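Visitor: This is the structure I have questions about; it appears just below.
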Amino acid sequence: MNRLSRLARRWLLLLGLVGSPAGADETLHYPASPGSRPGASLVIHGALDLPQMRPLLESFHREHPGLDLRYRNLTTLALHERFLTAPDEADVLLSSAMPWQYRLANEGHARALESPAARHWPAWARWRYELFAFTFEPIVMVVNMAVIERYGEVRSHADLLALLERHAQALQGRIVTYDPASSGAGYTYAIEESRLSPRYWDLVAALGEAEAELVNTTGEMLEGLIEGRYLIGYNLLGSYARERLADHPRLRIVVPDDYALVTQRLALIPRHSPHPAAAERFIDYLISEAGQTVIAQDTPLGAIHPALTGPGTAVHMRRQHGDALRPIALAPGLLATLDALKREALLARWRREFMRRPRRLRGASPHGL
Amino acid sequence: MTRGDSLYRRLLGLLLLPLLGLGSLFLIQAWGDAQRTANRAFDRLLEAASLAIAEQVQWQDDRLWLDLPPAALEMLATDAEERVFYSLVDGQGRLITGNAELPGDPRQGLEGSDTLLYRHIAWQGLSLRQGTRRTRLEDWGVREPFEVRVAHSREGRDALAAELWHANLAMILAMAALATVGLLLAIRAALTPLTRLRRAIRARDPRTLSPLELSLPRELAELRDTVNELLARMRRVRANQERFIGDASHQLRTPLAGLSARAELALRQDDPARWKEALVAMQATSVRTARLAGQLLSLTRLANPEYRPARAPLELNAIARQAVRDHWASCQRQGVDLGVEASGGDVWIRGIDWLLAEAIGNLIDNACRYGGHCVTVQVENAPPRLVVEDNGPGIPEARRLLMLRPFHRDHDELEGSGLGLAIVDGIARTHGARLQLSAGHDGGGLRVALQFPGDTP
């Protein structure tokens, strides 16, 4: 496994750049209520920020006050490294790094949960009762109203492509997106989008022509958009964008109506979990109507439970955006994402496409255009 | 026979047992078939996936290169959500890429061409089916061999095999149930004639000996015919008994009537000399009658098939000499020449001495009574044989067998009961000997021979 783990480590470094800009070791601790049975405890490792996790944990702890509940917020990288070195430390792993969670389950590191709630969970949002998707977060574009006012609505990838092709000059350097070479999430989206349509490569070429800025996190993109450095952000994590842009009416969140990837956070119970019963209770809660209601109402994450229909639920988003929503499938295709050669091949292609069209910018072109 | 033994159960057992065995064989076969079919169907996935991967293998930057198609991995997972593993290995067995270091397949494929090997493996506690494709690059200048190994867990194939097997199981069980019901009905139907036969026998009057009239299948018809033969024999025996009783009563009534008449006649007279004369005559008649009764008794006893007296080793020459000595005086009185021709050595048989003496006595008596003047008792060896020959008129061949029947006399006018030869016949049968009637050695007279079984013991 030496070579494999070396590859894995390199990969984790990349995935570690995804999402949460969490500090080294943030924890939440809910001690068991006095007088309850000693020894009943639950350790959750998650790559999910405390503000989003707190309402969930509080609500769960209200239902099970006898549990000594400890949540440790880690980066996806730290979460996986910690799991690989101590597979019997955590009772539940929550992570947005879908390929890695899938790989762990695929290799048999997860424990199956066959509760009634698990059986009723939609088949597309779980894998073998070992892996449960509990959030529903579309990948969105953010467009400054100035662009819309000047060039018209941007509703889809096709609109964006047309806009870039027509007004590349004007938008030069004002577009921002993930750098697939250094961001795991960006790479995952690139691989999924390239599978969805070959026109993705035209979009990459157009982004290259417009000299799009490449960054590593949604946070950086939002920062630049709010500051006005960028007019268009492409492929942002919708849940974060909604939260940050709530009081920026000039920045419009666009869920593309031709297709919009939907990423999901995955929960699993490690096979060597020290408190499997408590872990099962937590997952049951996470996918229960109560837990999902908390997700829909108190977090920007998006609830999957089919019985919930209000704002912030998958049902609601589907009703708004129809078939355009494409949840990333919990399928072996995710394993291809982790293949080192595949990654090199895709990134090589991506770079090639990004550089395909001649640069028009600031006389920097070698051809002096 | 135990109480539980019955033809019905025996047939059912004997037929159900092979049926059960056959059914089990079918089930095992169906299980194997289901496994094979499921494996074949799912091995196609391994084949397609490994091919899809192998097609993407290239030579780039002086090394093997793979642009892994995600669809190749998706192919390996069905609705059963199998775990999926793949690896690309170069000619030296080094891992190029993959999500698991799958073991190589030690088997040799066909040399030089694209080969695909399937097998079950246990990998890190998982039970997997692995497909190994050995092939080589067919690039312009490069002929690099490589191996694509794909594997997936077995939930899908196990589920398909179980489904196929359950379908077969249901069919085989239904067939077995139908066969059992059919068997029950068939055996019941086949045994109906037996019930009819039993009812027919039970319904009969115990005194009737008339044959059973019943149409039956061949096997039972044989039984019916055997029973009918037995009944016919019983009818003949009963007819014989009735005639014998009639004859015997008749034979005894005549001398008793004579005695009665003689006594009555004597009582009318007063002369003691007459009385004495009558008493002498009556004594002679009663002696004859007593002898007749004795003969009837021994005949009845001999005719009883249950009568098995113990037999002892006997020497025939001695028996013959003793018999001649016993009868010599009475023969002499009647002017008959009685002689014995003993065999050279001792002739031993197993028998009852008094019965044989009775037989010889009867034969000598008959010979004297029916006009023989010269009676010879002979003993022959190998086979042991006792012969009484006379030079009387003899019996025509056609009537000889009749003589063996009780109360049959060749000449009614002659004195005698007609039981002699019948008794000899009975004695012969008691000894297991054959009674032969033939003409004397010079063509006249009668020669009666008892041929005993076996040689001298």
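The values are calculated or read from the model by the stated rules, or taken from the named source; none is laboratory data. Not measured: the values here are computed from a predicted model. Note that each Cβ is placed from the backbone with ideal geometry, even for glycine, and that neighbours are counted across all protein chains shown.
Visitor: Those residues that are charged (D, E, K, R), away from every other protein chain (no Cβ under 14 Å) and in a helix (DSSP H, G or I), I need them from segment A:321-357; list them, please.
Guide: A:Asp323, A:Arg351, A:Glu353
Visitor: Search segment A:326-348 for residues that are under 23 Å from B:Asp79 (Cα atoms) and pair each with any residue that is among the polar types (S, T, N, Q) and assigned to a helix (DSSP H, G or I) when their beta-carbon atoms are under 8 Å apart and the residues are at least 6 apart or on different chains.
Guide: Once the first residue is under 23 Å from B:Asp79 (Cα atoms) and sits in segment A:326-348, its partners that are among the polar types (S, T, N, Q) and assigned to a helix (DSSP H, G or I) give A:Ile328/A:Thr188; A:Pro332/A:Asn106; A:Leu335/A:Asn106; A:Thr337/A:Thr188.
Visitor: Condition first: in contact with a Ser or Thr (Cβ under 8 Å, 6 or more places away or on another chain), in a strand (DSSP E or B) and either more than 9 Å from chain A (Cβ to nearest Cβ) or free of Cβ contacts under 8 Å to residues at least 60 places away in the same chain (or both). Now tell me which residues in segment B:63-95 satisfy that.
Guide: B:Leu66, B:Ser87, B:Leu95
Visitor: Can you find even one residue in segment A:47-70 that is surrounded by fewer than 19 Cβ atoms within 10 Å (Cβ to Cβ), assigned to a strand (DSSP E or B) and not assigned by TED's automatic domain parsing to the domain that holds A:Ser239?
Guide: Yes, there is a match, as at least one residue in segment A:47-70 is surrounded by fewer than 19 Cβ atoms within 10 Å (Cβ to Cβ), assigned to a strand (DSSP E or B) and not assigned by TED's automatic domain parsing to the domain that holds A:Ser239.
Visitor: Quick check on A:Val315: is it more than 20 Å from A:Pro55 (Cβ to Cβ), more than 14 Å from chain B (Cβ to nearest Cβ), in contact with a Ser or Thr (Cβ under 7 Å, 6 or more places away or on another chain) and of a type outside the set (Phe, Trp, Tyr)?
Guide: For A:Val315, the condition - more than 20 Å from A:Pro55 (Cβ to Cβ), more than 14 Å from chain B (Cβ to nearest Cβ), in contact with a Ser or Thr (Cβ under 7 Å, 6 or more places away or on another chain) and of a type outside the set (Phe, Trp, Tyr) - is met.
Table: residues versus (1) of a type in the set (Val, Ile, Thr); (2) surrounded by 21 or more Cβ atoms within 10 Å (Cβ to Cβ); (3) without any contact (Cβ under 8 Å) to a residue 12 or more places away in the chain.
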position	(1), (2), (3)
A:Glu209	no, yes, no
A:Leu225	no, yes, no
A:Ile253	yes, no, no
A:Asp257	no, no, no
A:Ala267	no, yes, no
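Visitor: Which of the residues that make up segment B:105-161 are among the polar types (S, T, N, Q), part of a strand (DSSP E or B) and surrounded by fewer than 18 Cβ atoms within 10 Å (Cβ to Cβ)? Show your work before the answer.
Guide: Taking segment B:105-161 as the starting set, the residues that turn out to be among the polar types (S, T, N, Q) are B:108, B:113, B:115, B:124, B:127, B:130, B:132, B:135, B:153.
In the following step, the residues that additionally are part of a strand (DSSP E or B) were identified as B:115, B:127, B:130, B:132, B:135, B:153.
Within segment B:105-161, B:Thr115, B:Ser127 qualify.
Visitor: Next question, about the same structure. Please pick out the residue among A:Gly152, A:Gly108 that is surrounded by fewer than 24 Cβ atoms within 10 Å (Cβ to Cβ), on the phi > 0 side of the Ramachandran plot, more than 20 Å from the chain's Cα centre (by Cα) and within 14 Å of chain B (Cβ to nearest Cβ). Spell out how you get there, then give the answer.
Guide: Details: A:Gly152 fails: within 14 Å of chain B (Cβ to nearest Cβ).
Of the residues listed, the single one that is surrounded by fewer than 24 Cβ atoms within 10 Å (Cβ to Cβ), on the phi > 0 side of the Ramachandran plot, more than 20 Å from the chain's Cα centre (by Cα) and within 14 Å of chain B (Cβ to nearest Cβ) is A:Gly108.
Visitor: Would it be correct to say that A:Glu353 is surrounded by fewer than 19 Cβ atoms within 10 Å (Cβ to Cβ) and at pLDDT 90 or above?
Guide: Criteria not met by A:Glu353.
Visitor: Checking B:Asp79 against (1) surrounded by fewer than 18 Cβ atoms within 10 Å (Cβ to Cβ); (2) closer than 30 Å to A:Glu193 by Cβ; (3) modelled with pLDDT of 90 or more; (4) charged (D, E, K, R), which test does it fail?
Guide: For B:Asp79, the failing item is (3).
Visitor: Report yes if B:Glu163 is more than 13 Å from every other protein chain (Cβ to nearest Cβ) and out of contact with any Ser or Thr (no Cβ under 6 Å at 6 or more places or on another chain), otherwise no.
Guide: yes
Visitor: What tally of residues in segment B:285-325 results from selecting those that are within 19 Å of B:Leu419 (Cβ to Cβ) and in a helix (DSSP H, G or I)?
Guide: Residues in segment B:285-325 being within 19 Å of B:Leu419 (Cβ to Cβ) and in a helix (DSSP H, G or I): 20 in total.
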